[in-house]
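The values are calculated or read from the model by the stated rules, or taken from the named source; none is laboratory data. From a predicted model like this one, the values you see are computed outputs, not experimental measurements. No Cβ is skipped: glycine too gets one built from the backbone with ideal geometry, and neighbour counts run over all protein chains shown.
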Amino acid sequence: MRRHFYFFTRNHRDVRPAGLRAIGWCSALCAMTALALLPARAFAQTRDLSTQGQLLDRIAAIVNNGVVLQSQLDERVNQVVAQLKAQGLTPPPQSVLRKQVLNSLILEQVQLQQAQQDGITISDDTLNAALQSVAARNGIPFADLPTALAQQGINYANYRDEMRNQLIIGLLRERDVLQRIVVTPRQIDQFLAREATEPSAGEEYNVSHILIAVPPNATPAELTATRKLADKVDALAREGKNFAKLAVTYSNSGDALKGGKLGWRKGVDLPTFLTNVVPKLQPGQVSAPIRTPSGFHIVKLNQVRRQQHKDIVNQVHVRHILLIPNALQDNATVRERLAKIRKEVLAGKVKFSVIAASVSQDPGSASQGGNLGWQSPSEFTHRFAAAIAKLKVGQISQPFQTRYGWHIVQLLGRRKFDETQEMKRLHAMEAIRASRADEDAELWLQRLRDDAYVKILSD
């Protein structure tokens, strides 16, 4: 069977080094990426000539102090064409597709530059852990991943770079978008009241969307032109034109090159501006353009299904210690240190909670002695959950690695749990954040793009 390697085939919620917990919309980061930050001197090098004078590469766009190369644009266009054909879609004209892909590369460059400026990095150990997860989800040994990629014509070194960039962008968005969404107790009360009375609360919706962005501080003429384009695209969609192809052609959203797919969303997890629109649509139906601060949205409902309710859930009570490798402490050193801490705790020389509070680098739990409370194993990464599954109550795991560093974890208890009102409030808070994240992320991206110096040399 031919495997297609994409970065994250599912959303995983990681044990919570503060600020690193994902909420659904992160799947929007899963597009293939091949973008490298280049030094400022690249500005002067619009071409690289061999001794025979052969043109090796060109600059497609200048983005602040970096560039997007023509080779990167060509490679990404080929990837998108292959993905569209795999979905049974006919790609739009090359001129349209290249413009969309170039815009996507520019946005990625802007985000990577912002992350570099803010000191956001991904260590080799964290990158390797993410790649190991990709291999595991595709049912192959990690050592066989380069060969499997090569069989699809994918260079392993480039794939590593692309994965690292996507992880960096994910951390940047987590910090600058998700962490800044404030949810008040009143909003949670309103959410729970609506969930109890609205029929849509028990439904899940598979939706796609197209964003026709409105420029910040748009003039009346620009606003009119944008509205006309939105009406045109809406009319084409209602006529039965392929919605995914329209998204690739016209949408300014980050998921445009994926055909505008938002995937399955619970009724209460839909973006805020869609909560009163999608439930009124029939499968296959397209909404009228919806105005938001980011622009005009056109939404198509693909499918509806009833949620499977599970009132009784399995939970585990755990605490952990997280250490993150750095320039002074490499992978082996951190692992050895955790192994030593484990032995000292087992020997009774130190309490787990005391040492966790003093050395753990998870700010979300260190002050609580590493305590993560009662959680469903599905809330954790595959590796973290797998480590817990092997433990008996009271046992401490051997050191193991996730994308965020090295852990030891102690299992304090297991239980079957009937979700309480407190748990429902926690889920409500996460759902509210998720519903706002899509629109906030679009606005955040627009601001980054508008603040950047961009000069397109080739499209």
Would you check which residues across the range 86-125 are at pLDDT below 90 and among the acidic types (D, E) and list them?
-> D118, D124, D125
Could you grab me the full set of residues in the range 256-268 that are crowded, with 19+ Cβ neighbours inside 10 Å, of a type in the set (G, A, S) and either assigned by TED's automatic domain parsing to the domain that holds Q83 or in contact with a strand residue (DSSP E or B) (Cβ under 7 Å, 6 or more places away or on another chain) (or both)?
-> G259, G260, G267
Inspect the range 107-117 for any residue being touching a strand residue (DSSP E or B) at 6+ places or on another chain (Cβ under 7 Å) and farther than 25 Å from I324 by Cβ and give the result as yes or no.
-> yes
Looking at the range 259-279, is at least one residue within 28 Å of the chain's Cα centre (by Cα), under 30 Å from A237 (Cα atoms) and among the acidic types (D, E)?
-> yes
Quick one: is V354 assigned to a helix (DSSP H, G or I) and over 24 Å from R403 (Cβ atoms)?
-> yes
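Return yes when I154 is in the same structural domain as Q113 (by TED's automatic domain parsing), modelled with pLDDT of 85 or more and either of a type in the set (V, I, T) or under 24 Å from Q116 (Cβ atoms) (or both) and no when it is not.
no
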Of the residues that make up the range 299-311, is at least one in the same structural domain as A213 (by TED's automatic domain parsing), surrounded by 16 or more Cβ atoms within 10 Å (Cβ to Cβ), more than 30 Å from L192 (Cα to Cα) and touching a residue at least 60 places away in the same chain (Cβ under 8 Å)?
-> no
Give me a count of the residues in the range 231-255 that are under 25 Å from E108 (Cα atoms), of a type outside the set (D, E) and either touching a strand residue (DSSP E or B) at 6+ places or on another chain (Cβ under 8 Å) or exposed (fewer than 14 other Cβ atoms within 10 Å of the Cβ) (or both).
-> 8
Kindly list the number of the only condition in (1) in a helix (DSSP H, G or I); (2) hydrophobic (A, V, I, L, M, F, W, C); (3) within 21 Å of V286 (Cβ to Cβ) that fails for I210.
-> (1)
Can you name the strands (runs of 3 or more DSSP E) wholly within the range 370-448 that have at least 3 residues being closer than 19 Å to I321 by Cα and in contact (Cβ under 8 Å) with a residue 24 or more places away in the chain?
-> 371-375, 405-418
Selected residue (only one of V233, V248 is assigned by TED's automatic domain parsing to the domain that holds P293, over 24 Å from the mean Cα position of the chain (by Cα) and in contact (Cβ under 8 Å) with a residue 60 or more places away in the chain) | V233
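To keep it simple, each residue is scored yes or no on (1) of a type outside the set (A, V, I, L, M); (2) surrounded by 18 or more Cβ atoms within 10 Å (Cβ to Cβ); (3) more than 30 Å from H297 (Cα to Cα); (4) at pLDDT 85 or above.
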site	(1), (2), (3), (4)
P363	yes, no, yes, no
K390	yes, no, yes, yes
W406	yes, yes, yes, yes
L457	no, no, no, yes
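Every residue, every condition in (1) over 22 Å from F380 (Cα atoms); (2) within 26 Å of the chain's Cα centre (by Cα), yes or no:
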| residue | (1), (2) |
| --- | --- |
| Q401 | no, yes |
| G405 | no, yes |
| L411 | no, no |
| K416 | no, no |
| A431 | no, yes |
| A434 | no, yes |
| L443 | yes, yes |
Taking the range 244-280 and keeping residues in a loop (DSSP other than H, G, I, E, B) and either touching a Lys or Arg at 6+ places or on another chain (Cβ under 8 Å) or over 29 Å from I188 (Cβ atoms) (or both) leaves S251, N252, D255, G259, G260, P271
Within the bounds of the range 235-249, is there any residue that is touching a Pro at 6+ places or on another chain (Cβ under 9 Å), hydroxyl-bearing (S, T, Y) and within 23 Å of K85 (Cβ to Cβ)?
-> yes
